[in-house]
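Here is the structure we will look at.
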Amino acid sequence: MGIKTVAQHKGYAAEEAVARHLIENGFKIIARNYIVFGGELDIVAIRSSLLVFVEVKYRCSVQMPIEYLIPSKKQRSVAFAARCFMAQYAQSAHMDCRFDVAIIVGAGARDQKLTYIPNAFCAQ
């Protein structure tokens with residue numbers, strides 16, 4: 001992955017932190033940065049019969065309400081990408097799925113706090 005800007009580097013570092021959190025909690029990462037025309041999935045993880053689509057957000061400070069971080073248009077594009085992913089991932093037919101949001105807040109690596117919100121939104 002070619003990281004070009006400071007923002008891209010911070011976003012990648014946030015995704016790495018969330019991936020570690022998921023692995024520590026028994027998930028297996030099966031895809032990262034899955035892109036289709038009309039949507040993107042930051043992280044796709046699996047644990048048992050649960051398929052989780054995780055939207056990762058990084059902010060230096062001020063934590064905003066979820067409806068501002070992940071507006072309905074973004075929720076629809078994530079849900080669309082999830083449907084595309086599930087169409088390609090045959091095992092997903094027998095799995096429950098959910099949409100989680102992980103928010104990393106903090107300017108420096110030592111000051112960062114992870115807030116993980118399972119079932120943050122529903123597919124629209």
For Lys10, which lysines qualify as cross-link partners when the Cα separation must be under 18 Å and same-chain residues fewer than eight apart are set aside?
Lys57, Lys113
Can you give the angle from 0 to 90° between the axis of helix 6-24 and the longest principal axis of the chain, with both taken from C-alpha atoms, to the nearest 10?
60 degrees
Considering the Cα positions of the chain, please state its Rg to one decimal place and its Dmax as a whole number of Å.
14.1, 41
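Values quoted throughout were computed directly from the atomic coordinates according to the rules given, and no laboratory measurement underlies them. None of the values given here were measured: they were computed from a predicted structure.
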